[in-house]
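Student: Next up is a structure, given as structure tokens.
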Amino acid sequence: MAKIRIAVLCSGGGTNLQAIIDASGRGDLPSGQIELVISDNPSAYALERASANGIKSAVVSKKDIPREQRERIMLGLLEENGIQLVVLAGFMSVLSANFISRFEGRIVNIHPSLIPSFCGVGMYGLHVHEAALARGVKITGATVHFVNEECDGGPIIAQKAVEVLDGDTPESLQLRVMRNAEWVIYPLAIEKVCKSLLSKNNV
Ligand code: GAR
């Protein structure tokens, strides 16, 4: 059966990458296949996860290469590997409108809040959970969305709510959001997008 060729872009721990790999191993990603992992950080643990699972990986270092050149290299890698869907999983570089236009409707992201709360420029990683705790919300969660030129502004694909508990720290909240929402909805949403791309024969 045909599968959508997926590249996962990461910068850090890669627990979402791991969740997608695990889902695939369980047979829960029948419409897609991870072909490539790209990291903008040479010491990202996500790279170890790729190699431990026999997935090809590449580093395009944010620290050493200016954005335009970095994106040119990434577009080359995506093309060489026949990539049809780009999955951002804790990828901490903002993509240019030019890059996004090359993969219109074919880039997805996961954000650790219920968009439109606690999102946009400067809201990433632990900062999101710090902001949620500072505001005193009782419910937060995660959102999977298509990427467009507006930071965290593309159409929403999936969301899941998570309770904030008394005594939560940004770290404890982050872990609960990952465990109960991100690692659950991201593989499901990716399968849904892959299936839809295959059914549109839009590959
Ligand atoms: C995840 O919580 C992800 O939602 C968040 O960074 C973390 C990456 O963890 N992404 C953003 O904040 C993007 N705006 P991971 O590397 O272990 O998947």
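Student: What does the charge add up to near Ile4, with Lys and Arg as +1, Asp and Glu as -1, over the other residues with Cβ less than 13 Å from its Cβ?
Tutor: It works out to a net charge of +4.
Student: If you place +1 on the Cβ of every Lys and Arg and -1 on the Cβ of every Asp and Glu, how big does the dipole about the Cα centre of region 73-167 come out, in debye to the nearest 20?
Tutor: Here the size comes out at about 160 debye.
Student: Sticking with this one: Hey, any idea what % of region 138-196's accessible area is carbon plus sulfur with a 1.4 Å probe?
Tutor: C and S atoms contribute 56 percent here.
Student: In debye, nearest 20: dipole of region 133-191 around its Cα centre with unit charges on the Cβ of K, R (+) and D, E (-)?
Tutor: Magnitude of the dipole: close to 200 debye.
Student: Okay, next question. About the Cα centre of the chain, how large is the charge dipole given +1 on each Lys and Arg Cβ and -1 on each Asp and Glu Cβ? Please answer in debye to the nearest 20.
Tutor: 420
Student: If you roll a 1.4 angstrom probe over the protein chains with everything in place, what fraction of the accessible area of region 1-74 belongs to carbon and sulfur, to the nearest %?
Tutor: Solvent-exposed carbon and sulfur of region 1-74 make up 47 percent of the total.
Student: Also, quick follow-up: Just the number please: accessible area per residue for the chain, 1.4 Å probe, all protein chains included, in Å².
Tutor: Averaged over the residues of the chain, the accessible area is 48 Å².
Student: Also: If we count every other residue with Cβ under 15 angstrom of Gly32's Cβ, Lys/Arg +1 and Asp/Glu -1, where does the sum land?
Tutor: Residues near Gly32 contribute +3 overall.
Student: Classify region 69-113: rounded, prolate or oblate, from the alpha-carbon gyration tensor (a ≥ b ≥ c, eigenvalue square roots; a/c under 1.5 rounded; otherwise prolate if a/b is larger than b/c)?
Tutor: Note, shape of region 69-113 comes out prolate.
Student: Positive end of the dipole of the chain, charges at C-beta (+1 Lys, Arg; -1 Asp, Glu), about the Cα centre: which of His129, Gly14, Ile83 has its Cα farthest in that direction?
Tutor: Of His129, Gly14, Ile83, it is Ile83.
Student: While we're here: Positive end of the dipole of the chain, charges at C-beta (+1 Lys, Arg; -1 Asp, Glu), about the Cα centre: which of Ala142, Pro155, Thr169 has its Cα farthest in that direction?
Tutor: Checked the options; the winner is Pro155.
Student: Can you put Arg5, Arg49, Arg67 in order of accessible area, largest first, using a 1.4 Å probe?
Tutor: Per-residue accessible area, sorted high to low, gives Arg67, Arg5, Arg49.
Student: Among the DSSP beta bridges whose two residues both lie in region 38-197, what percent are antiparallel, rounded to the nearest 5?
Tutor: Antiparallel bridges: around 70 percent, rounded to the nearest 5.
Student: Report the local net charge at Gly54: Lys and Arg +1, Asp and Glu -1, summed over other residues whose C-beta lies under 15 Å from its C-beta.
Tutor: Taking every Cβ under 15 Å from that of Gly54, the sum is -1.
Student: Here's something else I'd like to know. With springs only between Cα atoms under 10 Å, which of Val37, Val137, Val60 fluctuates most in a Gaussian network model of the chain?
Tutor: Val137
The values are calculated or read from the model by the stated rules, or taken from the named source; none is laboratory data. This one's a predicted model, so the numbers in the text were calculated from it and none came from an experiment. Here the Cβ is made from the backbone with ideal geometry for all residues, glycine too, and neighbour counts use every protein chain on show. The protein model used for the area step is the full one, side chains on, heavy atoms only, and it has no ligands, DNA or RNA in it. Shrake-Rupley method; radii C 1.70, N 1.55, O 1.52, S 1.80 Å.
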